[in-house]
Amino acid sequence: MGRLFGTDGVRGVANSELTPELAFRLGRAGAYVLTSRRPGARIVVGKDTRISGDMLETALVSGILSMGVDALRLGVISTPGVAYLTKHLRADAGVMISASHNPVADNGIKFFGGDGFKLLDETEDRIEQLLEDGARDLPRPTGDKIGRMYDEPAVETYIRFLLSTVQVRFDGLHIVLDCANGAASAIAPEVFRRLGATVTVIHAMPDGVNINVGCGSTHPHIVQRAVLAHGADVGLSFDGDADRLIAVDASGEVIDGDFIMAICARAMKAKGLLQGNKLVATVMSNLGFVKAMEAEGIDVLRTAVGDRYVMERMREDNAVLGGEQSGHIIFLNHTTTGDGILTAVQLVQVMVEAQQPLSQLRQVMKRYPQLLENVQVRDKRAWRENERIQNALRAAEEALGESGRVLVRESGTEQLVRVMVEGPDDKLLRKVCGEIVKVVEAELGV
């Protein structure tokens, strides 16, 4: 079988690919690897609002209990809420049941270590190996050695943590929140109301099947319309498990992760909080973002796409800020993973402290035009060694010069090669991109 763990835990269609049986086995194997199975060992478990969450939670918790480990059920909470509370409650591990921004039919199971960080690949591999060939040999305690299940009402603790990261009030600001009918629904409105903002809330009535449906951070036009309709100062849109944020300014302009990082990085640098005057971003971050940070005296360290790779680089290079264009932003001086609600309050705090609207703060950077083409191929890795393709890439880079960029990478899930070019000259981009795509199709096309 292929590797069960992807870049963000185990995912699949609930009750088809991600079955209760698999969740039970993951609970057992995870409890074995991540705890000492000593008396009192504990794992916290959270979930988003998907209808399949109850089914998978029941099976997962049963697996944990069968290993003699206690399970603390947090109920519906964000993924970063699980990460924070795992560390705060001094649990041995944490588990979140969510498929983030994916459709309701999907679900996922992701583990956190006792330190609140996502697991390293080698730890996930140990869990996966047990599923393949060793699960039957795991201990089965009996009698009073079986684990107990507790409901842990800790959402208020997480809300207080979020409030503690802000030093100003939001009085006088009108904010629209799109909660994606997900985990942010009961948390984000409470946080912003306690900070004094006037809050208009949309898509905060989860019914088990409406999570991410035509709303949330993958549909920013929805919060755009609401901001303009209500004359709000800012719109803040989360995904299903509230680990991402996309913002909208008062004029309806979308503020993606690159803009959010640029705005917060400049503010943190001015306060002396941006350690080493550097941040971490993925190869997909806009070149305009990189140029803007260079102008601010901030180094951008590049990494592969995926928040886990951003976090790894942040820890390696002692950076306190990192993230992705998609709105997954990590403030390592506050917490251990990307947190959409935390990012939202940090962004609004910059607005209040600077006494500037988001439309003015966004001028810190200018987005360069980007073109992205997907080419279906026979072998998605062969472009790396193909001489004609490499010559075409060198020619493209020479044509764009220092003001542009070419990025080619294979899809992680499909037989596709992705060709991305960016730069200030849109006409030149179309020409360069077309030439690369033509060569890739001629050499590797199906």
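The values are calculated or read from the model by the stated rules, or taken from the named source; none is laboratory data. From a predicted model like this one, the values you see are computed outputs, not experimental measurements. For neighbour counting, all protein chains shown are included, and Cβ atoms are generated from backbone atoms with ideal geometry for every residue, glycine included. Side chains are part of the model used for accessible areas, which takes the heavy atoms of the whole protein and leaves out ligands, DNA and RNA. Shrake-Rupley method; radii C 1.70, N 1.55, O 1.52, S 1.80 Å.
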- Message: Need the full-extension length gain, D425 to E296, defined as separation in residues times 0.36 nm minus the C-alpha distance. One decimal, nm.
- Response: 44.1 nm
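If you roll a 1.4 Å probe over the range 108-193 with all protein chains in place, what percent of the accessible area is carbon or sulfur?
On the way: 2010 of 4200 Å².
That share works out to 48 percent.
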- Task: May I ask for the longest run of the chain untouched by trypsin sites (Lys or Arg not before Pro) that are loop-located per DSSP and have at most 13 neighbouring C-beta atoms (other than their own) within 10 Å?
- Result: 170-365
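Considering all alpha-carbon pairs of the range 129-229, what whole percent are spaced by more than 24 angstrom? Show your work: numbers first, answer last.
Details: 2379 of 5050 pairs.
Within the range 129-229, distances greater than 24 Å cover 47 percent of Cα pairs.
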- Cα→Cβ-extended label distance, 7 Å offset, between E17 and E122, nm: 2.9 nm
- Residue of A197, A295, A382 that the Gaussian network model of the chain assigns the largest fluctuation, springs spanning Cα pairs under 10 Å: A382
- Task: Give me the accessible area of T35, 1.4 Å probe, in Å² rounded to the nearest 10.
- Result: 10 Å²
- Task: Compute the accessible area per residue over the range 33-178, keeping the other protein chains in place, probe 1.4 Å, unit Å².
- Result: 42 Å²
- Task: Quick one: work out the % antiparallel among DSSP beta bridges in the chain, nearest 5.
- Result: 50 percent
- Task: Would you tally the net charge around R409, using a Cβ to Cβ cut-off of less than 13 Å, leaving R409 out, and scoring K and R as +1, D and E as -1?
- Result: +3
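Give me the net charge for the shell around A188: Cβ to Cβ below 15 angstrom, other residues only, Lys and Arg +1, Asp and Glu -1. Walk me through the numbers before you get to the answer.
Values: positive: R160, R193, R194, R244; negative: D48, E156, D178, E190, D239, D241, D243, D339.
Here the charged neighbours net out to -4.
So what's the net charge close to D249: Lys and Arg +1, Asp and Glu -1, counting the other residues with Cβ under 9 Å from its Cβ?
Details: positive: R362; negative: D233, E253.
Result for the local shell: -1.
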- Note on the structure: Listed by chain and number, the lysines with an alpha carbon less than 29 angstrom from that of K87, same-chain partners under 8 positions apart left out, are K47, K110, K118, K145, K269, K271, K278
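In terms of solvent-accessible area of protein heavy atoms at a 1.4 angstrom probe, what is the ranking of Y32, Y84, highest value first? Could you put the intermediate results ahead of the total?
Working: Y32 80, Y84 45 Å².
Putting Y32, Y84 in descending order of accessible area: Y32, Y84.
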- Considering Cα pairs under 8 angstrom that are at least six residues apart, work out the relative contact order of the chain and quote it in whole percent. 12 percent
- Task: Mind telling me which of V33, V320, V201 comes out most flexible in a GNM of the chain, alpha-carbon contacts under 10 Å?
- Result: V33
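So with the 1.4 Å probe, I'd like the accessible area per residue for the range 295-446, rounded to whole Å². Don't jump to the answer; show the numbers that get you there.
On the way: 7300 Å² over 152 residues.
Computed with neighbouring chains in place, this is 48 Å² per residue.
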- Task: Please list the radius of gyration and Dmax for the range 65-123, considering alpha-carbon atoms only, with Å as the unit.
- Result: 12.0, 34
- Task: Taking amide H positions as placed in the peptide plane 1.01 Å from N, state which residues far from L177 in sequence (5 or more) or on other chains have amide H under 5 Å from it.
- Result: T200, V201, I202, L236
- Round to a whole angstrom and tell me the spacing of the C-alpha centers of the range 329-394 and the range 170-243. 22 Å
- Rounded to whole Hz, the Karplus (6.51, -1.76, 1.60) HN-Hα couplings of the range 110-126, x for glycine and proline: 10, 9, 10, x, x, 8, x, 8, 4, 6, 6, 4, 5, 6, 4, 5, 5
- Taking the alpha-carbon set of the chain, what are its Rg and Dmax in Å? 22.7, 73
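Which percent of the accessible heavy-atom area of the range 275-411 goes to carbon and sulfur, probe 1.4 angstrom?
On the way: 2460 of 6010 Å².
The computed percentage sits at 41.
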